[in-house]
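The block underneath contains the structure these notes are about, expressed in structure tokens.
The values are calculated or read from the model by the stated rules, or taken from the named source; none is laboratory data. Everything numeric here is computed off the predicted structure, so don't read it as measured data. Backbone-built Cβ (ideal geometry, glycine too); neighbour counts: all protein chains shown. Just the protein is used for accessible areas: all its heavy atoms, side chains included, with ligands, DNA and RNA removed. Shrake-Rupley method; radii C 1.70, N 1.55, O 1.52, S 1.80 Å.
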Amino acid sequence: MYQNDPMKCLTGEVRLSYVHLTQPYANAKTPGAEPKYSATILIPKTDVATKADLDRAFEAAAQDAVAKKWGGFRPPQLKSVIHDGDGVRQDGTPFGEECKGHWVLTASSKQPPQVVGMDNINCQLAPQDIYSGMYARVTLRFFGYANSGNKGVGCGLGNVLKTRDGEPLSGGASAAADFAGIGQPGIPDAQAPAYPNAPAQGYPAQAPAYPNVQNPAFAAPAQTPAQTPVDPITGMPVTGLPW
């Protein structure tokens, strides 16, 4: 229970995947799907407290739906929205490697969530600081639904508190990861990553002259032709000198 709402909970630190928190998204494989803000939440199996809170909130939402939406009857096969990351998806395919050792839950909302950082919970994070792979704490609210004969419990996405950066799950690395330790005061250059053929300190004052490169800046000095002696009286070249 969170904020006296039995269907709402605040997670411990989780990892976020398939993040769509700044722009709504609709799966192209689902025709007519309404674009929503969403994220897949990876809860470590070691966080038994968060898992227990999620289970309680799910059950509270189911009981509420029995009275308000399901006509007093609970579906005999009520599917959980919390999945085992070490198992397989509903279509039989395995979850991604990042899901191993986690419970997997997808939450969505029609309204944009507030995504803030630990240093200032009153200020929204910039879009470039929000990505799949970051760590966060998230507020969630479960709800029962009855739609076109389908009955179940869904999970609504609340707000997100980013706790720290993580390795991006989109296949690329962040600039912070690529350039960690470079140019930061108090960190010796020796701790910066050593890349092959890179100069140890800055760039050379003058670029090296490469062979066969037609560049006037690196042209060899012109050769001065040998001077033939001239007779100062006749002005004619002097030949046949003994030396």
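The spacing between the stretch 1-52 and the stretch 145-165, judged by their C-alpha centroids, is 6 Å.
Projecting label points 7 angstrom from Cα along Cα→Cβ for V81 and Q23 puts them 2.5 nm apart. A simple spin-label model places pseudo-atoms 7 Å from Cα toward Cβ; at K100 and C123 they are separated by 3.9 nm.
The residues of the stretch 73-143 present an accessible area of 61 Å² per residue when probed at 1.4 Å with all protein chains retained.
With the cut-off at under 18 Å, measuring from each backbone N in the stretch 8-26 to a point 7 Å along the Cα-to-Cβ line of V48 picks out 12-13. Structure note, pairs K8/K162; K8/K151; K29/K68; K29/K151: Cα-Cα distances above 29 angstrom occur for K29/K68. Both numbers refer to the Cα atoms of the stretch 89-130; Rg and Dmax are 15.2, 42 Å.
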